[in-house]
1. I'm checking my understanding of the structure. Among residues of segment 242-266 that are more than 24 Å from residue 188 (Cα to Cα) and surrounded by fewer than 18 Cβ atoms within 10 Å (Cβ to Cβ), which one is farthest from the ligand (Cβ to nearest atom)?
2. Would you be able to tell me the number of residues in segment 91-115 that are touching a strand residue (DSSP E or B) at 6+ places or on another chain (Cβ under 7 Å) and closer than 23 Å to residue 323 by Cβ?
3. Could you check residue 206 against (1) more than 16 Å from the ligand (Cβ to nearest atom); (2) surrounded by fewer than 19 Cβ atoms within 10 Å (Cβ to Cβ); (3) assigned to a loop (DSSP other than H, G, I, E, B) and say which number it fails?
4. If a residue counts only when it is crowded, with 21+ Cβ neighbours inside 10 Å, which helices (runs of 4 or more DSSP H) contained entirely in segment 37-125 have at least 3 such residues?
5. Given the structure, is residue 23 under 16 Å from residue 234 (Cβ atoms) and free of Cβ contacts under 8 Å to residues at least 24 places away in the same chain?
6. Exactly one of (1) over 25 Å from the mean Cα position of the chain (by Cα); (2) at negative phi is unmet by residue 294. Its number?
7. Out of 215, 189, which single residue is under 23 Å from residue 6 (Cα atoms) and either within 20 Å of the chain's Cα centre (by Cα) or free of Cβ contacts under 8 Å to residues at least 24 places away in the same chain (or both)?
8. Looking at segment 32-64 only, could you name the residues that are within 16 Å of the ligand (Cβ to nearest atom) and touching a strand residue (DSSP E or B) at 6+ places or on another chain (Cβ under 6 Å)?
Ligand SMILES: *Cc1c(COP(=O)(O)O)cnc(C)c1O
């Protein structure tokens, strides 16, 4: 029996093996390891691609949020509203500053719900940090209007959002800062951890520049507190190559999603991801996450047919991490998130899966509901 992996990690390397080896040789033979030109070139490419003023390579997507929050003036005990349907990293970044990550509900599109945000805003709320989930942007107009009305900041966890757009504006460029993650399974992944933090604000950019490198300014003088959160020059060089080919990846991901959508739309037991063709949204499908009746049985059924699937975040949204202090009943009223997490499942979505395999996956799913 053939197996279709959920993600093909070796495939990232195999796809451009020769080019990666040349890059490795080039960078290493120059001894260019930390904060060198390859990093600056990658940051410049991203600035142009995303249409934003400042992009800074950092250690990973979690550190990107952490130093973004510090640079934005977030302090201990401030409340930051986040979606409960996000990686624990979003909450971690807030909590490590001593601030409070407050999970709110999702809407029918799986993205943070504006009504739930409104319900949770208090005098102590300093910012909203939505997650641009699965390669899709939230409805940013509603969120921006609310932030302006309430006088609070907007940050984006756009770790999954490279290339996603809302009204032709890129994920990560709407608020005080946005982030990207280059964890291997992300839209463009590197050979380890990596990330960026981005902003249009010159002052925030200067703070981020120092925060990521021990508080040193452009002259190497220590001017403030900082940490070590730098994107390796070598990883940046690999990522530049990935970014050059990224338009092909986006086309392919949207093509895969279209096949899933078409073949699964006939099935009443499946609720597809939000429609891709709405004129406001350009989705890049970091993940293909849909809702399935009898999800757990379906997952086993597919596994028996060699198809590996994944429930995002191991099946635990933020408000169910009781060990992190979310055991209190006041955190338990997120009904849409709860019903979503009974049904959600991600199907293989990567640059290695073939059309034939996608059809096999869909046929298997349709067969499951007939039996
Ligand atoms: C991957 C991810 C992160 C964390 O990124 P790392 O680079 O692994 O630190 C944060 N938020 C979301 C939504 C993610 O998917």
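The values are calculated or read from the model by the stated rules, or taken from the named source; none is laboratory data. These figures come from a predicted structure and were not determined experimentally. Ideal geometry is used to build each Cβ from the backbone, glycine not excepted, and the neighbour counts take in all protein chains shown.
1. Going residue by residue through segment 242-266, those that are more than 24 Å from residue 188 (Cα to Cα) are 262-266.
Restricting the remaining residues to those that are surrounded by fewer than 18 Cβ atoms within 10 Å (Cβ to Cβ) gives 262-263, 265-266.
Details: 262: 27, 263: 26, 265: 27, 266: 31 Å.
Per the stated criteria, the residue is 266.
2. Within segment 91-115, residues that are touching a strand residue (DSSP E or B) at 6+ places or on another chain (Cβ under 7 Å) and closer than 23 Å to residue 323 by Cβ number 10.
3. (3)
4. Numbers: elements: 37-50, 61-71, 88-95, 114-120.
Ranges flagged: 37-50, 61-71, 88-95.
5. Details: under 16 Å from residue 234 (Cβ atoms): yes; free of Cβ contacts under 8 Å to residues at least 24 places away in the same chain: no.
Here the answer is no, as residue 23 does not meet what is asked.
6. (2)
7. Numbers: 215 fails: under 23 Å from residue 6 (Cα atoms).
Sole residue among the options that is under 23 Å from residue 6 (Cα atoms) and either within 20 Å of the chain's Cα centre (by Cα) or free of Cβ contacts under 8 Å to residues at least 24 places away in the same chain (or both): 189.
8. As a first pass, look at segment 32-64 and keep what is within 16 Å of the ligand (Cβ to nearest atom): 42, 46, 55-64.
Of everything in segment 32-64, those that are within 16 Å of the ligand (Cβ to nearest atom) and touching a strand residue (DSSP E or B) at 6+ places or on another chain (Cβ under 6 Å) turn out to be 46, 55, 56, 57, 58, 60, 61, 64.
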